[in-house]
Amino acid sequence: MFFEIPQNLILMIVGAFLLGWLLSSISGSLGSKFKATKRDPRDDRIRSLEADLRVAQSDLESTRDNSADLEKGLEEANADIEKRDNVISHQQARLEETATDLKESVLKTRELRSELSDRATENIKSEVKLREVETELEVAQASTDMIATGVLDYSLAQETEESDDEEDLLDESDMSSAAT
């Protein structure tokens, strides 16, 4: 069928098609320039609002992610705070117990120091009395020894002192030998 159509007709159809395409592209380019200058401001407003909406949605997603992270951090911080509160309360209880023990120990130490001081005082007093008794015993022993050896005679000593002032007195060496 195609062979029966004359070639002029085919060329005319192709030429008309090309001319139509050329006119439509020229018309479209001129029309688009004209439409571009006469755009509706509502379209611009709609495009800007859509762009703002996309930005707000991305900000919302990032804010939700940050919020979730902050909530996790808050829960961890609250758990840490609760643990620290438990540790602090336990340490305060131990501190109070230690303070009570310290007060009791201080009181017991004061009592023991007082008792030790009293015992030391009694010990010193008994040592002093013991020394006094030892001294008296030594004096009595020395007197007994002197009377036994005849060095000390009370009846003769009083008479000789009155009658004979120039008589030799006992040497210290005699007294010390008599005391031993």
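Every number in this text was worked out from the coordinates using simple rules, so none of it is lab data. Just so you know, these numbers come straight off a predicted model, no measurement behind them. Note that we place each Cβ from the backbone using ideal geometry, even for glycine, and neighbour counts take in every protein chain shown.
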Distance in nm between Arg94 and Arg131 label points, each 7 Å along Cα→Cβ, equals 5.3 nm
Simple spin-label estimate for Asp145/Asp118, 7 Å along Cα→Cβ, in nm, reads 4.2 nm
Projected onto their principal axes, the Cα atoms of the stretch 76-155 stretch, largest extent first, over whole-Å spans of 109, 14, 9
Simple SL model, points at 7 angstrom along Cα→Cβ for Asn8 and Leu22; separation in nm is 2.1 nm
Nearest-0.05 FRET efficiency for Asp69 and Asp40 at R0 = 41 Å, using Cβ-Cβ distance, is 0.40
